[in-house]
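Here is the structure we will look at.
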Amino acid sequence: MKTTVQARLDEETAAALDRLARQLGMTRSEVIRESLKSMARMHTPGEPLKLIGAGKYDSGIGDLSTNKKHMEGFGMTNAQLRELAKRKGAHDAHPARQQRNRRSA
């Protein structure tokens, strides 16, 4: 059984629909049907989405995500980090790298 659906499209969306229909060699109705099927597949409940690479890298720092001291220097340029290191009297001003360097020594 077929169902007819009417939709109001703004000019930009209508132009995009026409462009897709021409590019794909499909009718406007076919483009809309395929688009709906694609969206339905993407939003079907089921297996939760997986984060690619989550948990893949181990810094070896147990409190990296919870300790704010590891954010010191984040977003600074190399010149700013060197200046911070001078003020602290350390070779490497980034706290996470300092901790890693101490472990490997």
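Annotation: lysines with alpha-carbon distance below 27 angstrom to Lys2 (same-chain offsets under eight excluded): Lys37. Subtracting the Cα-Cα distance of Ser35 and Arg87 from 0.36 nm times their residue separation leaves 12.9 nm of extension gain.
For a straight C-alpha distance cut-off of 23 angstrom, the lysines reachable from Lys88 (same-chain residues fewer than eight places away being disregarded) are Lys68, Lys69.
No value in this document is a laboratory result; all are computed from the given coordinates. All figures in this text were calculated on a predicted structure; none of them were measured in a lab.
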